[in-house]
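Here is the structure we will look at.
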Amino acid sequence: MRKKTIRYMSGTGIGIVVFIGILVIMYMIALNHPKVYDLTLNGRNTLDVKTRNILNSLDFDVNVIAFCKNDNLRKEAKDILDLFTYATRHVKYKIIDPDVYPGEAKKYAIQRYGQAVVIGNGKQQRIDSVSEQNLDSAILKLKEPGEKTIYFITGHGERDIGDTGKDGLYTLRNALESDNYKIKKLMLVRTKAIPKDASLVAIVGPKKPFLPVETRELNDYLKKGGNIFIALEPMEDTGLKGFLAAYGVVVGNDMIIDKFSRILGGDYLIPVVSEYGDVEALKGFRYATFFPTARSLGIKKPLPKDIVIKWLARTSNQSWAETNLDRLRNQGKAKLDSKDKKGPVNIALFVKKLNKKGNSRARLVVFGDSDFLSNAYIMTSGNEDLAMNCMNVLLGEQELVVIRKKESNHLTPLTPSQASLMFWIPVVIVPCIVLFIGISVFLVRRRA
């Protein structure tokens, strides 16, 4: 009888040891393969399929440094970054207070709370806010081989990318370089053609006319599939009207007057824009932008063959394009009359030249103002965001991945103690209780 009892007890002991061994193996698997479950009805805590594909294709480590204070921005950033770190081991992050670590903020050209820098593959990208789409775009840029080069045209009185004064473009240059773009100057009269490494050519605020040989270079560049960003000023003859007309853009000989800007306490020569066109980079763009002294841009009818134009930004219906520039210049007065174009008035256009297959071959973004890019105004409201988004469109960055805008991600990750409870209660404690009850019943029945 005693031998039989010992045999049963030995079998039970072996079973317990095996059971505990299984629990340990399950715990090790769970520890090395963390799983997050989305219990929301609309799946707002689940990464987009394209995001997961991007993360699955990562073959290098990505470090994200978010600059937030201890507020809602910090929590939102943490929630989204947790989703990325749960999805792949290649992504790590830290959130720091730029007021506590000003040196770090200066190092990465951080200008406001909520911005972040994404580092990997020997490169870095700055994003204005921690969101799924921004992180995806940044990671895609890190994956691209080499840098993209932007050439700023000089020789016609354009704004200078090295000028730190109020009229210069030094702030814009810093923003572009922090996004891993290489910035160079280019004087067209000294070259036979635009360099082959030019991903984008920028013409910002010219005051003197372009020569015919220079416009031919620009045309040749576009024929090869190039991208051009142009920002003009009113009352300036740039010699680009004919060049732009060939691509369906009509440059107005006027200046935009906006009564709405007076309501905001500004000058009526500073149009306020809050309406943006149906362009991918501007989906969800809700910032107001300001354009000191701007001219209107029209769309040619009929459009030239293989040209597609979309308006990017337009003024309010309280505005108009003033054509009596002499009165405006000499008397400082403007009045809407029959010769003027009543608002809304286009202030920016996006142009695509299609090839025979209907795909985009060359692209232009044209603005009727260049002041909004200057050091004095680029940090006003959404000016920088608009400029950077438009340049990214031309560089192909914003079109690499399209992600539907979701409601804000509010991940509720478990704390370490909660995670431990989630493991120990259902996986260890409850089975052990069941096992204990089973053993107790067995022993009682054996005694009986």
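The values are calculated or read from the model by the stated rules, or taken from the named source; none is laboratory data. Predicted, not measured: the structure shown is a model, and the values here were computed from it. When we count neighbours, we look across all protein chains shown, and the Cβ atoms used for this are built from the backbone with ideal geometry, even at glycine.
Scanning the range 240-288 for residues that are over 29 Å from the mean Cα position of the chain (by Cα), at pLDDT 90 or above, not in a strand (DSSP E or B) and not small (Gly, Ala, Ser) yields 240, 241, 243, 253, 254. For the range 211-253, what are the residues that are surrounded by 15 or more Cβ atoms within 10 Å (Cβ to Cβ) and on the phi > 0 side of the Ramachandran plot? Matches in the range 211-253: 239, 248. Residues in the range 84-94: is at least one loosely packed, with under 15 Cβ neighbours inside 10 Å and of a type in the set (Gly, Ala, Ser)? Scanning the range 84-94 turns up no residue that is loosely packed, with under 15 Cβ neighbours inside 10 Å and of a type in the set (Gly, Ala, Ser).
Here's the yes/no breakdown for (1) in contact with a helix residue (DSSP H, G or I) (Cβ under 9 Å, 6 or more places away or on another chain); (2) closer than 30 Å to residue 137 by Cβ; (3) in the same structural domain as residue 207 (by TED's automatic domain parsing):
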{"site": "303", "(1), (2), (3)": "no, no, yes"}
{"site": "307", "(1), (2), (3)": "no, yes, yes"}
{"site": "318", "(1), (2), (3)": "yes, no, yes"}
{"site": "326", "(1), (2), (3)": "no, no, yes"}
{"site": "329", "(1), (2), (3)": "no, no, yes"}
{"site": "338", "(1), (2), (3)": "no, no, yes"}
{"site": "354", "(1), (2), (3)": "no, yes, yes"}
{"site": "364", "(1), (2), (3)": "yes, yes, yes"}
{"site": "371", "(1), (2), (3)": "no, yes, yes"}
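Residues in the range 289-315 that are surrounded by fewer than 19 Cβ atoms within 10 Å (Cβ to Cβ), part of a loop (DSSP other than H, G, I, E, B) and among the basic types (Lys, Arg): 300, 301, 305.
Give the residues of the range 160-181 that are of a type in the set (D, E, K, R) and closer than 14 Å to residue 149 by Cα, sorted by residue number. Don't jump to the end; show me each part of the working.
So in the range 160-181, the residues of a type in the set (D, E, K, R) come out as 160, 163, 166-167, 173, 177, 179.
173, 177, 179, listed by residue number.
Examine the range 171-186 for a residue that is farther than 18 Å from residue 227 by Cβ, more than 25 Å from the chain's Cα centre (by Cα) and assigned by TED's automatic domain parsing to the domain that holds residue 372, and state whether such a residue exists. No, the conditions are met nowhere in the range 171-186. Scanning the range 185-209 for residues that are surrounded by 18 or more Cβ atoms within 10 Å (Cβ to Cβ) and farther than 24 Å from residue 361 by Cα yields 205, 206. Criterion first (in contact (Cβ under 8 Å) with a residue 12 or more places away in the chain, part of a strand (DSSP E or B) and more than 18 Å from residue 393 (Cβ to Cβ)) does residue 228 satisfy it? The answer is no for residue 228.
Conditions (1) among the polar types (S, T, N, Q); (2) free of Cβ contacts under 8 Å to residues at least 60 places away in the same chain; (3) within 30 Å of residue 58 (Cβ to Cβ), marked per residue:
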position	(1), (2), (3)
135	no, no, yes
150	no, no, yes
159	no, no, no
197	no, yes, yes
201	no, yes, no
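Could you list, in sequence order, the residues of the range 58-90 that are hydrophobic (A, V, I, L, M, F, W, C) and modelled with pLDDT of 90 or more? Passing the criteria: 60, 62, 64, 65, 66, 67, 68, 77, 80, 81, 83, 84.
Hey, among 331, 318, which residue is polar (S, T, N, Q), surrounded by fewer than 19 Cβ atoms within 10 Å (Cβ to Cβ) and either closer than 30 Å to residue 55 by Cα or free of Cβ contacts under 8 Å to residues at least 40 places away in the same chain (or both)?
None of the others qualify; the one that does is 331.
Considered as a group, the residues in the range 106-124 that are assigned to a loop (DSSP other than H, G, I, E, B) and without any contact (Cβ under 8 Å) to a residue 24 or more places away in the chain include one that is nearest to residue 73 (Cα to Cα), and that residue is 112. One residue stands out in the range 125-163 among those that are in a loop (DSSP other than H, G, I, E, B) and hydroxyl-bearing (Ser, Thr, Tyr): the one that is surrounded by the fewest Cβ atoms within 10 Å (Cβ to Cβ), namely 129.
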